Each structure stands twice: as structure tokens, then as C-alpha cells.
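Right, one structure below, let's go through it.
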Amino acid sequence: MPAFSLEPEQTDRRDRLRTLAADRLRPLADKGEPGHVNRPLVAELGRLGLLEGLFTAGAVDLCLLRESLAYTCTEAETALALQGLGAHPVHAHGTPAQRARWLPRVTDGTAVAAFALSEPGAGSDAAALALRAEVDAPEPAAPLGAEPDGSARWRLTGEKCWISNAPEADFYTVFARTTPGAGARGVTAFLLPADRPGLSGRPLDMLSPHPIGALDLDAVPVTADDVLGEVDRGFRVAMGTLDLFRPSVGAFAVGMAQAALDATLAHTAGRDAFGGKLKDQQAVAHQVAEMALRTEAARLMVYAAAAAYDEGAPDVPRRAAMAKLLATETAQYVVDAAVQLHGARALRRGHLLEHLYREVRAPRIYEGASEIQRSIIARQLYAEQEAGA
């Protein structure tokens with residue numbers, strides 16, 4: 001694709017996705033219960049073939065999908081994104097048996113996935129994970145010429161918090177500390193089915209309408225067969241997943257910003273005020289122009305970062321951080337400005353902007369808060385400067 005524009009077929013797909021979301025997904029989203037997994041909605045995403053794209057499409061197509069759904073149905077967008085976030089480590093690092101068991105169910109919408117990284121004391125500082133993976137029984141030596149039987153065992157003990165889709169997911173990608181005191185180098189990723197003994201959870205009453213909960217792990221048994229990737233290399237699994245999904249979080253934000261902008265254009269063009277239309281007020285017109293400017297700038301950065309990911313560019317972490325930072329901060333600004341220009345009607349329960357106002361806040365925190373994105377950007381810039389020198 002060109003670096004800074006969508007091809008005509010991509011804009012056509014965006015329009016078709018918006019229509020599909022309005023006709024097939026919005027009615028199911030409206031029937032869902034806030035704070036709970038909407039399984040009929042997830043199943044419909046599977047029937048429409050949209051979940052399969054999480055594992056077959058590139059980052060640009062993922063951004064296009066998320067922006068298009070967000071414009072019309074944020075609930076559908078979030079349900080799709082959480083399936084991808086929770087299951088991508090299985091797709092990228094899982095064994096054939098792990099993939100065969102879970103990925104078909106994720107893509108057809110019959111299994112709900114979750115990404116369990118954050119803890120009460122380790123949110124933005126993901127390398128500070130405290131969830132312990134204590135050796136329960138070492139793997140016995142395999143006979144000469146035989147493969148290990150996967151019987152190495154650990155017990156997971158601790159807590160995860162702020163986990164989307166918890167406690168209702170069917171499986172979790174859980175990150176635990178296998179080597180104490182080793183920072184990021186001592187974390188392992190595990191695929192943990194929800195029915196594993198010792199695993200329990202509770203919902204958290206959050207501003208965001210999608211389900212978020214906490215998990216309690218009390219000596220939960222796992223074996224080598226549950227490891228995703230390599231032991232003590234789980235931080236790479238987490239960061240690789242976030243490098244893919246951070247630009248698409250930006251696409252989610254752009255979709256919300258565009259919806260707020262379009263609602264504002266329609267409102268200000270039709271609203272009578274001070275002897276004319278609201279759009280005739282220069283302060284209003286300039287505000288709308290600023291909203292459009294920032295939305296388009298964020299969109300360009302999001303798709304440039306996604307294209308860099310698809311091309312395997314070396315600066316993906318910096319570009320992904322920039323895209324998420326700019327797009328989520330922009331969406332917050334645009335939605336807030338749209339509320340201001342609509343007045344009190346925008347704060348009425350059920351109004352599009354009331355919904356977006358609640359939805360737009362969380363993306364500035366999850367998958368790395370805005371402050372963390374700035375740290376990533378600065379660290380990468382100085383590393384590039386030192387390498388060049």
C-alpha cells in the first residue's frame with residue numbers, strides 16, 4: 001500500500017465493514033450486558049469471518065478492520081481486538097497442539113481469549129511481574145533419543161488485575177516469573193485454560209463497558225506443555241504482541257474520533273444558533289477544522305506504523321508507540337470537543353457521544369499508558385542516535 005493513503009479497494013472494504021457492523025453487529029451489541037462478555041456478538045464475528053483475519057491479515061488490514069468497526073460499533077471492535085490480543089501469542093508462539101486446540105475455536109467465536117499481563121503492582125512496568133511460577137516437579141530425564149514428555153511442572157501463585165474478558169474467558173495467556181530477580185529476562189508465558197484448578201476470578205466495576213476483571217491464582221498447576229515460546233523468554237512474547245496491537249489500538253481510536261467528527265459536522269451544519277447555523281460561527285468552524293486535522297494526522301501515523309510492521313522495519317517499537325500515543329490522545333481531544341459543541345444533549349445516556357466519551361478514556365492507559373509510550377519513543381531515539389554515532 002502507499003505509505004500514507006489507503007487503496008480504493010481498502011476504502012471500499014472500510015465502507016462495507018461499517019455497513020456490516022451496523023446491520024449485523026450493532027443489534028447484538030445493544031442486547032449485551034455491560035461488563036460481561038457478549039458471546040452472541042463474538043460468535044457473529046466468527047460467522048462473518050472477521051476473527052479469522054486476526055491471524056491471516058497484516059497489521060495494515062488489522063488497523064483497517066478495527067477502525068471500521070469502531071466507527072459503527074465499539075463493542076464489536078473491542079470483542080474482536082481482545083480475541084486477537086489473547087490468542088496472538090498462541091498463534092505466534094504456540095505448539096502445534098496448542099494451536100490446534102484453541103485457534104479454530106477463537107476464529108469461529110466459540111472460545112473467548114484473554115491477555116493476562118497486568119498486576120496490581122505491575123501495570124506499566126511489565127518487567128516487575130510478581131506472579132510466581134514455582135517449580136513443582138522437575139522434568140525427568142528423557143531416555144536417550146526420546147523427546148521430553150512435557151511433564152516439567154510449576155505452580156502459579158499470585159494475582160492478575162485489569163484483565164479484559166476476565167473472569168469470563170475460556171483461556172488466558174498468562175505471564176509469570178520463572179526466575180526471581182531477573183527482571184524482563186525471567187518471565188515465561190503460559191497458556192492457561194480457565195478450568196485449571198486453583199484459578200478463580202472476579203469482575204471489576206469499571207467505566208469502560210467491556211468486561212474487565214481480576215484473577216487469583218492459588219498454586220495453579222502448569223507444565224512444559226503450557227509454555228508459549230521458551231521458558232524465561234515470555235517478555236518477548238508480550239512485547240511482540242503489543243508491537244502488533246499498539247498501532248491497531250490507534251486505529252480503534254481513529255475510528256472513534258472519525259465518528260465523533262462526523263456527528264459534529266452533521267450537528268453544527270443543522271443546528272440553528274445566533275441567527276444562522278452553528279457552523280457559521282468562526283470559533284465553531286475552527287474547532288471542527290482542528291478536530292479534522294488531528295484525526296487525519298493520527299490516521300496517517302497509525303497506517304504508517306502498521307505498514308512498517310508489515311515490512312519488518314527495525315523501528316517498529318518506536319513507530320507503534322508513536323501511533324498509539326498520538327491516536328489515543330487525539331481521540332480524547334476530538335470526542336471531548338464534540339461533546340462541547342453538542343452541548344448537554346451529548347451527555348444524555350444513550351447518545352453516541354456519551355458512549356464514546358466513556359469508551360475513549362481507557363485506550364490512553366491500556367497496552368502501555370501514554371507516559372510509557374513517550375518513554376519508549378525517547379529510549380528508541382537515543383538508541384538510534386548512539387548507534388549512528
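Using Cβ counts within 10 Å as a stand-in for footprinting exposure, how do GLU354, GLU77, GLU311 rank, fewest first?
GLU311, GLU354, GLU77
Looking at the calculated P(r) for the range 236-388, what percent of the C-alpha pair distances fall above 22 Å?
Cα-Cα pairs in the range 236-388 separated by more than 22 Å: 45 percent.
Sticking with the crude label model, points 7 Å out along Cα→Cβ, report the distance from LEU381 to THR11 in nm, one decimal please.
Placing both labels 7 Å beyond Cα along the Cβ direction yields 3.3 nm.
In the Gaussian network model of the chain, springs joining C-alpha atoms below 10 Å, which of THR110, THR178, THR56 carries the largest mean-square fluctuation?
Its mean-square fluctuation being the largest, the pick is THR56.
Could you tell me the extents of the chain's C-alpha atoms along the three principal axes, largest first, rounded to whole Å?
Projected onto its principal axes, the Cα set of the chain covers 87, 57, 39 Å.
Report, in deg cm²/dmol and to the nearest 500, the calculated mean residue ellipticity at 222 nm for the chain, where each DSSP H run with n ≥ 4 adds -39500 (n - 2.57) and the sum is divided by the residue count.
-17000 deg cm²/dmol
In what order do THR223, THR11 fall by count of nearby beta-carbon atoms within 10 Å, going from fewest to most?
THR11, THR223
Calculate the dipole size of the chain relative to its Cα centre from +1 charges on Lys and Arg beta carbons and -1 charges on Asp and Glu beta carbons; express the result in debye to the nearest 20.
For this selection, approximately 800 debye.
Compute the distance in nm between two label points, each set 7 Å from the Cα along the Cα-to-Cβ direction, one at LEU300 and one at ARG39.
Each label point is offset 7 Å from its Cα along the Cβ direction, giving 4.7 nm.
Hey, could you get me the Stokes-Einstein D for the range 8-107, Kirkwood radius over alpha-carbon pairs, 10 °C and 1.306 mPa s, rounded to whole µm² s⁻¹?
114 µm²/s
Along the charge dipole of the range 236-388, which of TYR303, GLY240, LEU261 sits closest to the positive end, that is, farthest toward it, with unit charges on the beta carbon of Lys, Arg, Asp and Glu (+1, +1, -1, -1)?
LEU261
None of the figures in this text is laboratory data; all of them are computed from the coordinates on show. Bear in mind the structure is a predicted one, so any value in this text is a computation, not a measurement. Glycine gets a Cβ as well: all are built from the backbone with ideal geometry, and neighbour counts include every protein chain shown.
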